[in-house]
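Asks: Would you mind keeping the following structure in view while I ask a few things?
All of the numbers you see were taken from the coordinates with simple rules; none came from a lab. Values in this document were obtained by computation on a predicted structure and should not be read as measured data. So basically every Cβ, Gly included, is an ideal-geometry build from the backbone, and we count neighbours across all protein chains shown.
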Amino acid sequence: MQSQNQQQDVTRQVKLSCRNIWKVYGEQIKPFFGGSKDQFADSLEKAEALRSAGQIVANADVSFDVHVGEIFVIMGLSGSGKSTIVRCLSRLVEPTAGEVLLDGEDLLKKTETELIEIRRHQMGMVFQSFGLMPHLNVIDNIAFPLKLQGVNEEQRYAQAERVIELVGLQGRESNYPNELSGGQQQRVGIARSLAVEPEVWLLDEPFSALDPLIRKQMQDEFLRIQSLLNKSIVFITHDFHEALRLADRMAIMRDGEIVQIGRPVDLILNPADDYVRDFTTDVPWEGVLRAADIVRPLQGPVDGVRRVAGDTLIDGLLEYLSEHPEGLVVEDENGEVLGVATSSGVLGALAAGCTNQLAAEE
C-alpha cells in the first residue's frame with residue numbers, strides 16, 4: 001500500500017506518469033481485472049488474493065509522476081519489482097492493468113508501430129548489461145540507433161561525435177568494445193541512448209556491474225551530463241547511497257508495491273516504516289540535509305546576514321552556524337528568500353526525525 005508521503009510536487013510539469021500499474025504473471029488473472037467494480041478493499045488485499053491464487057505479482061498498483069528535468073530514482077531489494085516497472089514504462093514488459101502517460105498520452109494504447117517510433121525518438125534506455133555490438137566500433141555503436149531512424153550518414157556521425165565528446169570518449173571512436181574498460185563500455189551505452197536526443201531517459205542499474213571507484217566516477221559523469229541536458233530520468237538502483245547522490249526524488253519498493261516516495265532527506269528524517277528505516281540507518285544526515293530543509297521564517301531585518309543557496313549541504317555550514325546565532329539567509333535558485341537557517345533549525349530537523357523513529361519503535 002502506497003504511503004501518504006508520496007504526494008507529488010504539483011508546481012512542476014509532469015513528463016511521465018505511471019498510474020495504477022499492475023504486472024501479474026499467471027494463468028488465472030482475468031477474474032481479478034476488468035470487472036465493472038473491483039471486489040477488493042485495497043491493492044494490498046488484491047495482491048494477497050492474487051498470490052493466494054498462485055499468481056506472481058511483480059507490480060501491484062504502482063503510481064508515480066516524473067517531472068520535467070527530474071531524476072526520479074526507484075530502489076528496493078532484489079525482487080521488489082523495480083526493474084519490472086521500468087520495463088512496463090517502455091512496454092518492453094506489457095502491464096496487466098493501468099496507464100503509462102507520456103505527455104498525457106497513454107502508451108498502453110499505442111500500436112506496435114507507434115510504440116517503436118516513440119522508443120526510437122522519445123525514449124533512451126540503458127541497462128546493466130551494456131549490450132554493445134562487438135563487431136561495431138565505438139562511433140558505429142553510438143550511431144546505430146540513428147541509422148535505424150533513417151538519418152543519413154553525415155548527420156548520424158556528426159551527432160555521434162557530439163555525444164562522444166559529451167561522455168568523454170574522444171580518441172576512442174575507432175576502438176571495438178573488447179578494447180574498452182567496463183567504464184568506457186558503459187559510456188558507449190550511455191552515449192548510444194543519448195544519440196537520439198530522448199525526452200525521457202530510463203536507466204536500470206546501469207553502474208552496478210562496475211568497480212566502486214569507476215562507479216563513483218560514472219555517477220559524477222551522469223550528474224554532469226544531466227546538468228547540461230536536463231532530461232526527465234527514471235533511474236533504478238538497489239544502492240541507497242547511489243540513490244542519495246543522484247535523486248531529486250526517490251521511491252522505495254517492496255514486494256511489487258511502492259512503500260514511500262519523497263526527497264532523500266524526507267525518507268531519512270521521516271521513514272514510512274521499518275523497511276525504509278533499514279535503508280537509511282547508516283546514512284550520515286549531514287551529507288543529505290540542505291539549507292532549505294531547515295529554514296525558519298524571518299523574524300527581523302537580515303541586512304548584513306550572510307546568504308547561501310537553498311541546496312547548500314549542511315555539513316559545510318555547521319561551523320559557521322555554531323558561531324553565528326543569527327544564522328544564514330537561505331535563497332532559492334531565483335534569489336528569492338526562503339527563510340533563515342540556524343543551529344536550532346538543524347537540531348529541530350534532527351529532533352523531528354528522532355521523534356518519528358522513537359514513535360515507530362514503541
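Asks: Highest first, please rank the peptides 308-321, 67-80 by the mean number of other Cβ atoms sitting within 10 Å of their residues.
Replies: Working: 308-321: 15.6, 67-80: 19.6.
Highest mean packing first, the order is 67-80, 308-321.
Asks: If a/c stays under 1.5 just call it rounded; otherwise compare a/b with b/c (prolate if a/b is bigger, oblate if not). Do that for the range 286-361, with a ≥ b ≥ c from the square roots of the Cα gyration tensor eigenvalues.
Replies: Working: a/c = 1.92, a/b = 1.80, b/c = 1.07.
Prolate, since a/c reaches 1.5 and a/b exceeds b/c.
Asks: Rounded to two decimals, what is Rg over Rh for the range 58-171 when you use alpha-carbon atoms and the Kirkwood radius? Intermediate results must be reported in sequence, preceding the final value.
Replies: Values: Rg = 16.7 Å, Rh = 16.6 Å.
Reported Rg/Rh, Kirkwood definition of Rh: 1.01.
Asks: Quick one: length gained pulling ASP311 to GLU27 fully straight, 0.36 nm per residue minus the C-alpha distance?
Replies: Working: separation 284, 0.36 × 284 = 102.24 nm, distance 4.99 nm.
Gain on stretching ASP311 to GLU27: 97.2 nm.
Asks: In the chain, what % of DSSP beta bridges are antiparallel (nearest 5)? Working shown, then result.
Replies: Details: 26 of 49 bridges.
Looking only at bridges with both residues in the chain, the antiparallel portion is about 55 percent.
Asks: Among PHE33, SER322, LEU202, which residue has its Cα positioned farthest towards the positive end of the charge dipole of the chain, with +1 placed on the Cβ of Lys and Arg, -1 on the Cβ of Asp and Glu, and the dipole taken about the Cα centre?
Replies: Ranked along the dipole, the leading option is PHE33.
Asks: Suppose only helical runs count, i.e. DSSP H with n ≥ 4. What mean residue ellipticity at 222 nm does that imply for the chain under -39500 (n - 2.57) per run, divided by all residues and rounded to the nearest 500 deg cm²/dmol? Before the final figure, lay out the partial values.
Replies: Numbers: 12 runs with 130 residues, N = 362.
Mean residue ellipticity at 222 nm (helix-derived): -11000 deg cm²/dmol.
Asks: So what's the gap between the Cα centers of the range 70-93 and the range 153-196, to the nearest angstrom?
Replies: So the two Cα centres are separated by 26 Å.
Asks: Answer with one residue from SER83, ALA53, HIS67: the one whose Cα lies farthest towards the positive end of the charge dipole of the range 38-95, charges on Cβ with Lys, Arg +1 and Asp, Glu -1.
Replies: SER83
Asks: Taking only Cα atoms of the chain, what ratio of Rg to Rh do you get with Rh as the Kirkwood inverse-distance radius? It would help to have the intermediate numbers written out before the result.
Replies: Numbers: Rg = 22.7 Å, Rh = 22.5 Å.
With Rg and the Kirkwood Rh in hand, the quotient comes to 1.01.
Asks: From the Cα gyration tensor of the range 169-253, with a ≥ b ≥ c the square roots of its eigenvalues, which class applies: rounded if a/c is under 1.5, or else prolate if a/b is larger than b/c, or else oblate?
Replies: Details: a/c = 2.08, a/b = 1.38, b/c = 1.51.
Here the range 169-253 falls in the oblate category.
Asks: So how strong a dipole does the chain carry about its Cα centre when Lys and Arg Cβ are +1 and Asp and Glu Cβ are -1, to the nearest 20 debye? Provide the component values of the computation, followed by the final result.
Replies: Values: 34 positive and 55 negative charges, 186 e Å.
With Lys and Arg at +1 and Asp and Glu at -1, about 900 debye.
Asks: Pairs of Cα atoms under 8 Å, at least six residues apart: use those to get the relative contact order of the chain, whole percent.
Replies: On the way: 636 pairs, mean separation 69.3, N = 362.
Answer for the chain is 19 percent.
Asks: Still on this structure, please answer the following. By DSSP, what percent of the beta bridges with both residues in the range 286-361 are antiparallel, rounded to the nearest 5?
Replies: On the way: 6 of 9 bridges.
Bridges in the range 286-361 that DSSP calls antiparallel: roughly 65 percent.
Asks: Filter the cross-link list LYS147/LYS231; LYS46/LYS216; LYS46/LYS231; LYS82/LYS109; LYS30/LYS231; LYS30/LYS147 down to pairs whose alpha-carbon distance in this structure exceeds 32 Å. Present the calculation step by step, with values, prior to reporting the outcome.
Replies: Values: LYS147/LYS231 23 Å; LYS46/LYS216 40 Å; LYS46/LYS231 35 Å; LYS82/LYS109 23 Å; LYS30/LYS231 37 Å; LYS30/LYS147 41 Å.
Those over the limit are LYS46/LYS216; LYS46/LYS231; LYS30/LYS231; LYS30/LYS147.
Asks: Treat each spin label as a single point 7 Å out from the Cα along the C-beta direction, and report the SER174 to HIS241 distance in nm.
Replies: Label-label distance for SER174 and HIS241, simple model: 4.1 nm.
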